[in-house]
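Reading through the structure tokens given below for one structure.
The values are calculated or read from the model by the stated rules, or taken from the named source; none is laboratory data. Not measured: the values here are computed from a predicted model. Using ideal geometry, Cβ is built from the backbone for each residue, glycine included, and neighbour counts are taken over all protein chains shown.
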Amino acid sequence: MTGPPATWPDRVRARLEGVVASGRWRAPREFDARGPAGVLDGTPVVSFASNDYLGLSAHPAVVAAAAGALERWGAGAGASRLVTGSRPVHRELEHALADWKGTAAAICFPTGFAANLAALSVLGGPDVRVLSDELNHASIIDGCRLSRSQLTVYPHGDVGRLSDLLAQTPDGGVPTIVVTDTVFSMDGDVAPVEQIAALCRRHGALLLLDEAHAVLGPHLPAALTADPDLTLVRMGTLSKTLGALGGFLAGSRDVVDLMVNLARPYIFTTAPTPADAAAALAALGVLRSPEGGALVRRLSDLVARVAPGAGVDPDGVDAPASPIIPVVLGSEQQALEGSAALLAQGIWVPAIRPPTVPAGTSRLRVTLSAAHTDDQVTRLVDALAPLRSALLARIP
């Protein structure tokens, strides 16, 4: 029996060979594009893979704001916010985000991943219990690990099980955090946010909501965000709905001040670039204008074309849809073949495989943008039809 490779180069090579042998080798592909249409490895394609849901990354006002910030402040912030990295645009953006989310304050981070790490590492700890949905994003999973909290993972969207867990108060009344995505990034389904919030309010648990993909909802009612008996922290990104780069937390003034003073992803990281902050601020302005409302309606209409009934729950009641539409094909090979079949028609929808999703649920993850044209969406629907037919044929 042979032991592990003796040298570091051998160890690295052995791990790479293991990835190849498992059929899970990945590499980035060059996509030269501004908007959904572009050139992928030399071939013209339309991408249905981006999280730029409203197409704001290429909006003239957003691009102009980024260019203006570059001219005024240069390319980088130069240091962390607490050293010399804070610029007026960072403060303006945080004020606008807090107003948008209906909270007293907000704080920005270089990425949404960093925002979740910050929230859980600061608010959690060995003396804190965290209840986390089993399909939460990797940044939440890593944040829970980093916090060293008492972690319990509850079944996906299972409000009954969550209620039971909250009712099981550990000895000493351990403080509890409930954390959930509001829209789940690989399935596109929506958490029962108001039910979860009611449970947190009843049991005195802090509720951390990851709203990264919630461009179409669920939208929290004002009464919920203003409820003094609910401790609510809202996490969002600047890179999806707003088409820029970064993440943020919105909550009480005390929570935000705690992040400023204790969050390592804030204290020890160079501040977001002024251009990214200015782009996000301009995008938020567009989103909250009549033009933004029209873009959201456009996106919702496109979702209804590709996934009829996506915005209706099993009882026929209107419910939030999402621009994430999974086509679960099963094996990794089937997902890769499905992606290749679409690419041959000039449509780029990457295959999503383990470990991103559980084994046996490899899929095509279609994402829609308000920037897609009607013709592009028609091409997508027509190209997906044979894959969906083949999938239905395999169901007993």
query: Here are some conditions: (1) outside any loop (DSSP other than H, G, I, E, B); (2) closer than 30 Å to R353 by Cβ. M186 meets all but one. Which one does it not meet?
result: (1)
task: Quick one: which residue in G160, G188, G173, G204 is over 17 Å from V233 (Cα atoms) and either in contact with a strand residue (DSSP E or B) (Cβ under 9 Å, 6 or more places away or on another chain) or not assigned by TED's automatic domain parsing to the domain that holds S121 (or both)?
output: G188
task: Read through the list (1) assigned to a loop (DSSP other than H, G, I, E, B); (2) surrounded by fewer than 18 Cβ atoms within 10 Å (Cβ to Cβ), then give the number of the only condition that A340 fails.
output: (1)
task: Scan the stretch 53-67 for residues that are farther than 27 Å from V327 by Cβ and surrounded by 16 or more Cβ atoms within 10 Å (Cβ to Cβ) and jot them down.
output: H59, V62, V63, A65, A66
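Residue by residue, here is whether (1) farther than 26 Å from D374 by Cα; (2) touching a strand residue (DSSP E or B) at 6+ places or on another chain (Cβ under 7 Å) holds:
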site: D229; (1), (2): yes, no
site: M235; (1), (2): yes, yes
site: L238; (1), (2): yes, yes
site: L242; (1), (2): no, no
site: A263; (1), (2): yes, no
site: A282; (1), (2): yes, no
site: V296; (1), (2): no, no
- prompt: Going through the stretch 38-80 one residue at a time, which ones are closer than 29 Å to V260 by Cβ, within 22 Å of the chain's Cα centre (by Cα) and not hydroxyl-bearing (S, T, Y)?
  reply: N51, L56, V62
- prompt: Which of the residues spanning the stretch 112-158 are part of a helix (DSSP H, G or I), among the hydroxyl-bearing types (S, T, Y) and farther than 17 Å from T182 by Cα?
  reply: S121, S147
query: Any idea which residue in the stretch 344-354 is farthest from I141 (Cα to Cα), counting only those that are in contact (Cβ under 8 Å) with a residue 24 or more places away in the chain and either surrounded by 22 or more Cβ atoms within 10 Å (Cβ to Cβ) or under 25 Å from the mean Cα position of the chain (by Cα) (or both)?
result: I347
message: Please pick out the residue among S80, S50 that is within 30 Å of A321 (Cα to Cα), touching a residue at least 24 places away in the same chain (Cβ under 8 Å) and either touching a Lys or Arg at 6+ places or on another chain (Cβ under 6 Å) or surrounded by 13 or more Cβ atoms within 10 Å (Cβ to Cβ) (or both).
response: S50
message: Looking at the stretch 261-275 only, could you name the residues that are in a helix (DSSP H, G or I), surrounded by 14 or more Cβ atoms within 10 Å (Cβ to Cβ) and of a type in the set (A, V, I, L, M, F, W, C)?
response: I267, A275
message: Take V174 and tell me if it is over 20 Å from the mean Cα position of the chain (by Cα) and either part of a loop (DSSP other than H, G, I, E, B) or surrounded by 15 or more Cβ atoms within 10 Å (Cβ to Cβ) (or both).
response: yes
message: Looking at (1) loosely packed, with under 14 Cβ neighbours inside 10 Å; (2) aliphatic (A, V, I, L, M); (3) within 30 Å of S300 (Cβ to Cβ), which one does A33 not meet, given that it meets all the others?
response: (1)
statement: Condition set touching a helix residue (DSSP H, G or I) at 6+ places or on another chain (Cβ under 7 Å) and within 17 Å of L230 (Cβ to Cβ), scope the stretch 210-220, selection surrounded by the fewest Cβ atoms within 10 Å (Cβ to Cβ): answer is P218
